[in-house]
Amino acid sequence: MRNLLLFAALLIPLSVAATQSDCANISTSQQVDVCAKQAKESADANLNVSYQRLIKRVGSQYQVDATLRDEFMKKLKESQRAWLKLRDTNCALEAFEIEVGQPAYVTTVNNCVARMSLDRSVYLDKTLPDL
């Protein structure tokens, strides 16, 4: 019986998390936290896709000049590293007044990362557009 109760206790958070994945109808702070994490993960995935597409455009548009391609790629990597540092420090600044490690801190940082990453994706998508 004790194992059955333990098993049921483990399943409850899973079912709650499954119902909380609907971010259009948020009604609890726990849902806000889950949705902020999902938004961050989605924005990060989108950012990675935009970055990879830009790399492909660079390779295509500079295929006749390897020197220019390599210079562009070097600048792109430097820019992305600097931007990631800016994003992470800006988001920590946004959450400054919240105790680190608290759910509100994590949610604030996740929302900031999602917002900034989506903006960066738009920027990367517009950089070196297809001819």
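Taking a temperature of 25 °C and a viscosity of 0.890 mPa s, what whole-number D in µm²/s does Stokes-Einstein yield for the range 63-110 with Rh from Kirkwood over alpha carbon pairs?
Details: Rh = 12.9 Å.
Result for D is 191 µm²/s.
List the chymotrypsin sites (Phe, Trp or Tyr not before Pro) within the range 91-124 that DSSP assigns to loop and that have no more than 16 neighbouring Cβ atoms inside 10 Å.
Numbers: sites: Phe96, Tyr105, Tyr123; in loops: Phe96.
When the chymotrypsin sites (Phe, Trp or Tyr not before Pro) of the range 91-124 are filtered for loop state and at most 16 Cβ neighbours within 10 Å, Phe96 remain.
Decide, for the range 29-126, between rounded, prolate and oblate: order the square roots of the alpha carbon gyration tensor eigenvalues as a ≥ b ≥ c, take rounded if a/c falls under 1.5, and otherwise choose prolate if a/b is larger than b/c, else oblate. Numbers along the way, then the final one.
Working: a/c = 4.55, a/b = 2.36, b/c = 1.92.
It is prolate, given that a/c is not under 1.5 and a/b is the larger ratio.
Post the alpha-carbon centroid distance, the range 57-81 to the range 34-54, in whole angstrom.
Computed from Cα coordinates, the inter-centre distance equals 23 Å.
Measuring from label point to label point, each 7 Å out along Cα→Cβ, what is the Asp88 to Thr67 span in nm?
3.5 nm
If each residue of separation counts as 0.36 nm, what is the full-extension length gain between Gln52 and Ser27 once their alpha-carbon separation is subtracted? All intermediate terms of the calculation are to be shown ahead of the outcome.
Values: separation 25, 0.36 × 25 = 9.00 nm, distance 3.65 nm.
Extra length available between Gln52 and Ser27 comes to 5.3 nm.
How would you rank 106-119, 28-41, 74-87, highest first, on the average number of other Cβ atoms within 10 Å across their residues?
Numbers: 106-119: 19.9, 28-41: 16.7, 74-87: 12.8.
For the peptides 106-119, 28-41, 74-87, the packing ranking is 106-119, 28-41, 74-87.
Could you give the size of the charge dipole of the range 29-126 about its Cα centre, using +1 on the Cβ of each K and R and -1 on the Cβ of each D and E, expressed in debye and rounded to the nearest 20? Before the final figure, lay out the partial values.
Details: 15 positive and 13 negative charges, 99 e Å.
The calculated dipole for the range 29-126 is roughly 480 debye.
As an exercise, use a Förster radius of 30 Å and the Cβ-Cβ distance of Lys74 and Ser42 to find the FRET efficiency, rounded to the nearest 0.05.
Numbers: r = 29 Å, r/R0 = 0.98.
Plugging the Cβ-Cβ distance into 1/(1 + (r/R0)^6) gives 0.55.
Laboratory data are not the source of any read-out in this text; all were calculated from the coordinates shown. All of these numbers come straight from a predicted model, not from anything done at the bench. Neighbour counts run over all protein chains shown; Cβ positions are idealised from the backbone, glycine included.
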